[in-house]
Every structure is written in C-alpha cells, then in structure tokens.
Amino acid sequence: MSVPSAALEQLMSRISDRAEDAARLTRDLIRFPTINPPGEDYGACAEFIGDRLKARGFEVSYHRALGAPGDTDRYPRINVMARRDSGKPGPCVHFNSHIDVVAPGQGWTLDPFEGVIRDGRVYGRGACDMKGGLASSIIAVEALLDSGLDLPGAIEISGTVDEESGGYGGVAWLAERGFFSPPRVDHVIIPEPLNVDRVCIGHRGVWWAEIETRGRMAHGSMPFLGDSAIRHMGAVMERFERDLYPALAARHSDMPVVPEEARQSCLNINSVHGGEGEQFEGLPSPLVADRCRMVIDRRFLIEEPLDTVKGEVRQILDALTRDRPGFSYGLRDLFQVEPSMADRDGPVASAAARAVRRVLGREARFVCSPGTYDQKHVDRIGKLKDCIAYGPGVLELAHQPDEWVGVDDMVDAAKVMALATITLLTPGG
Ligand SMILES: [Zn+2]
C-alpha cells in the first residue's frame, strides 16, 4: 500500500494550519511547572495530555512509579500512556516525551511558566526541552487521524517523568514492565530538541564516580603533624592534567556526536569538597583536612569499554599510591550508562531521514547526543534498538534562561513525524 501524494500534500497543509494549535498546546504544557527535582505537578500535566488524547480515541492509562527514587505521596511519579489501535494488524509507532523540566534558575526576562507566545516563538522552561516536541508529536498524530488515511497498526504517545534525573521513575520503570518492548512497540521516536533537520541515533556513555583521598587531621599551624587530603587530591588533579586529559582529547569517535567538540572522550570535575564546610559562618578553624572528595563525570565513546574507562582512572590512583608517601584513596561508582547507538539504516532512522528530505528539502544529518536521554532505557531494558530522538528546538537552548521553541520548527517537526509514521505503518513503507 502506498499513500497517494495528493493525500500527503493535504496532510502537510493540514499540519501547517495547526501552527497556532501547536503554539497554544506548548504554552498549556509549560503552564504546568513540572520541575524536577522534586517532581512538581506531574499528575496534572499527565492528566491534561491524557484528556486530550482520550478525546481522540486513545486508550489512556496512568502509571505511578511506586517505589521509584523520589516517589512520594506529595510528589508521585505519574506517567501517562496513550494507545490507539487501528484494529488492523501492523507495527506500533511510539512517541515518547518527558514532561519534567529543570528548575528555571536565574536570568529570565519573562515568566518561565507563563508560556509567552511572541514573534513565532513560545518561551518558557521546557519550551525546547521538550514540551514543544511533545506538542509536535500530538499535532502530528491528530492531523494523521483527521486525514482519514487508513493506516494499520497502532500509535502510542507517552508523557513520562524524571528524564532529567535519569528516567528511573519514567521510561526505565515502564520499560521494566514491557511498555517499551516488542511486540507491543516496534519503533520509538523521542522528540528531544536535536534540531529539526537532524536525526539523533544515540548518545555517549556516562560514568559518574566519587574519588576520596585520605589524610590525617592536625592543627593548621603545624601541618607537618598531619597529612592533607586536599594536597593529595591536588596530586590527583595534576595527574589528570598531565596524563588523562591529553589521552581523552586524542580519542575520537566514529559516533557522529554533536557539537563537534563532543566527538571525543571527556571528563568534567563536577565537584571537589575538602576541609572546612562551605556553610559555616565566621572564621574557619585551623585544621589539616583528613578527607577530600571529588565527583567526576566522565563521558565516553562507543569505542571505549566501560572497564577501560574505569581502569585508567584507577591506574592513576594506584600509581599515586606507589609514588606518593601517605597517599590512599577510595573510588565509588555513582552512576553509569553505556553508550547507545541505533542503526542509521534501521526503519525509524531512515523513515525520519526520508521525511526530513521531503519536508525541508535537504538531507538529514545523523547525529549522536553528547548527553544521555531515555533512549538508553528503551535500548537496555526494553531491548528495542529501533529508537531515535527527533524533534524541534535548538539543543543549545535547553536548560537556559529564556528557553524557547520556534513555532515553524514545531510545524516542520510535526510534518516529519507524521510522514515517518506513515512510512513505518505502511507495509512496504
Ligand atoms: Zn530533554
């Protein structure tokens, strides 16, 4: 079965006509201040999405991730899952968006939760990451339903929580219960803001760890009687500068990570704490610090096994244990995610790329994200490889003050999503 191109043209103009609806829907979503942490207003936002889709014949269910990190009666982790079955056998295309946003922070020139629509943009926390993307997917699917195209299979739209804090009360929790696995779902599109002409096929890996150096307390006027854990940590940082950073910078990936600078391995020192706490009032007391802790955030490539990533840090610490009198350390894993990369020739990536070419008249660029997102859970827990991120919005605007999404971008993205859905649901695409 193939869809006549007149019908496709009609669908495209139907979506163009919905620009205002897309903007208003994004505004309405922004007005739920779904800040994570702590996980504010999840239930109301989920219900708003569910009500809208229920009216379009979706079967809607709500799933509270009981026992997930952060789930309490005050801040329940509520996810919404909507499914529309055509009644005819066929695959299922799933659009997954996270509804949580990060705190607004400082520097806004307008209300972050009003959803101001101005000059073809919608402003607000989450406009770009990723309520604009969620709105685009809803507009795309609604236009498809209105088009009267007789598509087989099923379409799902989910609004999930906690992506910003790892996704454990959202996609991970649902994936553990089969919501992101075949045969229920075949293709997943996550409308994260990766720019409207880019198809994101995966992300680098992450390893967070805490390094602790140990010393011995003494009076600060006689530091020779003690052993400073902070100086030991300084030695760790020196070795990082001398040995680790140059090695990481030299390691390039075949993964098409964007921006270009992220196409290598990297390490961020997230925090260093040692000695007197930062919260005290008044003058410090003279002490030699007996503990110093550093949290590292290591982003690694698909070419690097996680064991190697951990091993090279441990080697530096072990070398210091041998070379440096009094040096001892602890190393504790905090969090890890393996890199994930879908096949760019797989059904969902190629359907999206074709749709980008048709809608925008230029070739899609395949990219990988510098940070992780919920694809990891679809891949690792759901065991579903055919997953991409594709959505409107400029990646660099995410988490910034005065975050916005362009209405034209949303319309284009909705067209791409609708065309990709047709390709994926139509036998012989
Ligand atoms: Zn996001």
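The values are calculated or read from the model by the stated rules, or taken from the named source; none is laboratory data. What you are looking at is a predicted structure, and each value in this text was computed from that prediction instead of being measured. All Cβ positions, even for glycine, are placed from backbone atoms using ideal geometry, and neighbour counts span all protein chains on display.
Going by the structure shown, is Asp412 closer than 23 Å to Val185 by Cα, in a helix (DSSP H, G or I), within 22 Å of the chain's Cα centre (by Cα) and away from the ligand (no atom under 16 Å from the Cβ)?
Considered against the rule, which asks whether it is closer than 23 Å to Val185 by Cα, in a helix (DSSP H, G or I), within 22 Å of the chain's Cα centre (by Cα) and away from the ligand (no atom under 16 Å from the Cβ), Asp412 comes out as no.
Specify which of the listed residues (Arg56, Arg125, Arg118, Arg77) is closer than 30 Å to Pro152 by Cα and charged (D, E, K, R).
Arg56
List the number of the failed condition for Asp343; all other conditions in (1) acidic (Asp, Glu); (2) more than 16 Å from the ligand (Cβ to nearest atom); (3) under 28 Å from Arg31 (Cβ atoms) hold.
(3)
Check off (1) assigned to a helix (DSSP H, G or I); (2) within 14 Å of the ligand (Cβ to nearest atom); (3) farther than 24 Å from Leu384 by Cβ for Ala143 and give me the number that stays unchecked.
Of (1) assigned to a helix (DSSP H, G or I); (2) within 14 Å of the ligand (Cβ to nearest atom); (3) farther than 24 Å from Leu384 by Cβ, only one is false for Ala143: (2).
Can you give me the ranges of the strands (runs of 3 or more DSSP E) entirely in segment 349-409 with at least 1 residues that are more than 23 Å from Arg24 (Cα to Cα), assigned by TED's automatic domain parsing to the domain that holds Leu174 and within 16 Å of the ligand (Cβ to nearest atom)?
Correct list: 365-369, 387-389.
Write out, first by first residue and then by second, each pair whose Cβ atoms fall under 7 Å of each other, whose residues are 6+ apart or on separate chains, and whose first residue, in segment 182-193, is closer than 17 Å to Lys415 by Cβ while the second is at pLDDT 95 or above and among the polar types (S, T, N, Q).
Every condition considered, the pairs that remain are Pro191/Ser97; Pro191/Ser136; Pro191/Ser137.
Any residue in segment 177-187 that is part of a strand (DSSP E or B), more than 16 Å from the ligand (Cβ to nearest atom), modelled with pLDDT of 95 or more and not charged (D, E, K, R)?
For segment 177-187, residues part of a strand (DSSP E or B), more than 16 Å from the ligand (Cβ to nearest atom), modelled with pLDDT of 95 or more and not charged (D, E, K, R): present.
Give me a count of the residues in segment 310-348 that are under 30 Å from Val236 (Cβ atoms) and part of a loop (DSSP other than H, G, I, E, B).
So the answer is 7.
Quick one: which of Glu238, Glu278, Glu261 is over 22 Å from Cys368 (Cα atoms), surrounded by fewer than 16 Cβ atoms within 10 Å (Cβ to Cβ) and at pLDDT below 95?
Just a single option satisfies the conditions, and that option is Glu278.
Could you tell me which of the residues Cys368, Cys387 is over 30 Å from Leu145 (Cβ atoms) and modelled with pLDDT of 95 or more?
Just a single option satisfies the conditions, and that option is Cys368.
Being at pLDDT 95 or above and acidic (Asp, Glu) is the filter here, so list the residues in segment 113-172 that pass it.
Across segment 113-172, the qualifying residues are Glu114, Asp119, Asp129, Glu142, Asp146, Glu156, Asp162, Glu163.
Being more than 16 Å from the ligand (Cβ to nearest atom) and among the hydrophobic types (A, V, I, L, M, F, W, C) is the filter; apply it to segment 79-105 and report the residue that is nearest to Ala418 (Cα to Cα).
The selected residue is Val93.
Scan segment 207-258 residue by residue and report those that are under 30 Å from Pro193 (Cα atoms) and part of a loop (DSSP other than H, G, I, E, B).
Correct list: Ala250, Arg251, Ser253, Asp254, Met255, Pro256, Val258.
Does Ile190 satisfy being under 30 Å from Lys131 (Cα atoms) and within 16 Å of the ligand (Cβ to nearest atom)?
Answer is yes for this residue.
Restricting attention to segment 266-277, does a residue exist that is within 25 Å of Phe335 (Cβ to Cβ), outside any helix (DSSP H, G or I) and of a type in the set (D, E, K, R)?
no
So if I check each of Gly202, Gly169, which one is within 16 Å of the ligand (Cβ to nearest atom), touching a residue at least 60 places away in the same chain (Cβ under 8 Å), under 20 Å from the mean Cα position of the chain (by Cα) and assigned to a strand (DSSP E or B)?
Criteria check complete, one pass: Gly202.
Residue check: is Phe48 under 30 Å from Val348 (Cβ atoms), away from the ligand (no atom under 16 Å from the Cβ), of a type outside the set (S, T, N, Q) and without any contact (Cβ under 8 Å) to a residue 60 or more places away in the chain?
yes
Any idea which of (1) within 16 Å of the ligand (Cβ to nearest atom); (2) closer than 26 Å to Val206 by Cβ is the one Glu338 doesn't satisfy?
Status for Glu338: all satisfied but (1).
Residue by residue through segment 347-378, note down the ones that are under 24 Å from Pro259 (Cβ atoms), in contact with a His (Cβ under 8 Å, 6 or more places away or on another chain) and not aromatic (Phe, Trp, Tyr).
Within segment 347-378, Val348, Cys368, Ser369, Pro370, Gly371, Thr372, Asp374, Gln375, Lys376 qualify.
Condition first: part of a helix (DSSP H, G or I) and either in contact with a helix residue (DSSP H, G or I) (Cβ under 7 Å, 6 or more places away or on another chain) or without any contact (Cβ under 8 Å) to a residue 24 or more places away in the chain (or both). Now tell me which residues in segment 29-44 satisfy that.
Leu29, Ile30, Ala44
Which number in (1) more than 15 Å from Arg56 (Cα to Cα); (2) more than 16 Å from the ligand (Cβ to nearest atom) marks the one condition that Gly132 misses?
It fails just one condition, (2).
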